[in-house]
Ligand SMILES: Cc1cc2nc3c(=O)[nH]c(=O)nc-3n(C[C@H](O)[C@H](O)[C@H](O)COP(=O)(O)OP(=O)(O)OC[C@H]3O[C@@H](n4cnc5c(N)ncnc54)[C@H](O)[C@@H]3O)c2cc1C
């Protein structure tokens, strides 16, 4: 495929608008949000009003229609300012809205995607269970057929936006014996249905503005219109969502890395030790060079992957097997390297700050705690390496 990395004038204008929004409206609230560990309701409301809950969703369904490239621009800029806000929007958009766009019927798109893209409803995605994390095919939440209906029973954990979500894309076993290959189905589950309870919300190391909730399903009855994609093919739905999510996670990491590098630059130029700004010492200069290299490489990778996904379109039936494998490998590479480089860059920036970098309330201390989760969620980096190595062994480089 052609490699083009020019942003259009419209994309640059969008970047500039998001940057202004994030700096003026989000930056002032993040210290208090982090301290109080509260979901940032007011700024989430403002993001909805700006259309930011539907950036890549086509305009016909109420989104901004800016595709994956526009969406990555948005998350890169948001990621410069706060990881909680980017995680909230990404769980909603990448993991909640995209699977409806890719696999939903027209009726499902009108009923669940359009209000979500306009920000009238919040979405979440729920795959993980107490006994199945990386081994997601071993999930035990049961979807039993009863006439035309499905009855769901089980416990899901670690659901980002789980406390606030109006609807969750939830994976359950329609056949325990078949596992991931034919035995798992994706359902659209609305909060408030009889038998649906939000359980415990976790206390976390970072991304304090997000909720990470348990969902308890006690014989939740769903009509057939709530099956997303085909019965037994829930893993196609989940993996397509995760391919989008892993690239968008790379974009948010890219933003976090730039913010950390800028903090380090500013600090190094202004902190004097042994009679010189510490930026005069080669050890510090080389740390900055290493940061710049990682930022440069990740930027190319993120936008290449985003452009690639835009070109593939949103109809999974139109993709060849090789195209699907290529997309999944690329998304895993972006997620894995992006999250590890973000951790490296933020760690080195903290080191450049010396003691102040370790003090609660500084931007770099918060970034350090916030960044760590990116190596774990949306599939741990060990699992990304499993995905990449399997594909390399199967198809070669
Ligand atoms: C803050 C937060 C938000 C989350 N949000 C969501 C969400 O919105 N929706 C959702 O469904 N889930 C969510 N998760 C769950 C997350 O995706 C899982 O925690 C993650 O996939 C790992 O699963 P696990 O915690 O069970 O770890 P485990 O699978 O038990 O893994 C433990 C360790 O073993 C390693 N490991 C496991 N299998 C292998 C293997 N085959 N080869 C090599 N190493 C292996 C892992 O990499 C890891 O290091 C969230 C988690 C957190 C903490």
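We did not get these values from a lab; they are worked out from the coordinates using the rules stated. Because the structure is a prediction, the values reported are computed rather than measured. Please note: Cβ atoms are built from the backbone with ideal geometry, for glycine as well, and neighbour counts cover all protein chains shown.
Using a 10 Å cut-off around each Cβ, can you sort 33, 291 from fewest to most neighbouring Cβ atoms?
Lowest count first: 33, 291.
Quick check: pseudo-label points 7 Å beyond the Cα along Cα→Cβ at residue 202 and residue 221, how many nm apart are they?
Taking the two extended label points, one gets 3.4 nm.
What 222 nm value per residue comes from the helices of the chain, counting each DSSP H run with n ≥ 4 as -39,500 (n - 2.57) and dividing by all residues, nearest 500 deg cm²/dmol?
Numbers: 12 runs with 187 residues, N = 397.
The per-residue figure over the chain is -15500 deg cm²/dmol.
For the stretch 321-373 and the stretch 109-156, what is the separation of their Cα centres, given in Å?
Answer, in whole Å: 28.
Determine one quarter of the surface area of the Cα convex hull of the chain, which equals its mean projected area, and express it in nm² to one decimal. Please list the in-between numbers first.
On the way: hull surface 78.5 nm².
Orientation-averaged projected area of the Cα hull: 19.6 nm².
Enter the Cα centre distance for the pair the stretch 38-70 and the stretch 158-182, rounded to the nearest angstrom.
24
When the Cα centres of the stretch 196-218 and the stretch 233-255 are compared, how far apart do they sit, in Å?
Centre-to-centre (Cα) distance: 21 Å.
Give the angle, between 0 and 90 degrees and rounded to the nearest 10, that separates the Cα long axis of helix 67-81 from the longest principal axis of the Cα atoms of the chain.
Value to nearest ten degrees: 50.
For 201, 72, what ranking results if the residue with the fewest other Cβ atoms within 10 Å of its Cβ goes first? Walk me through the intermediate numbers first.
Values: 201 16, 72 31.
Lowest count first: 201, 72.
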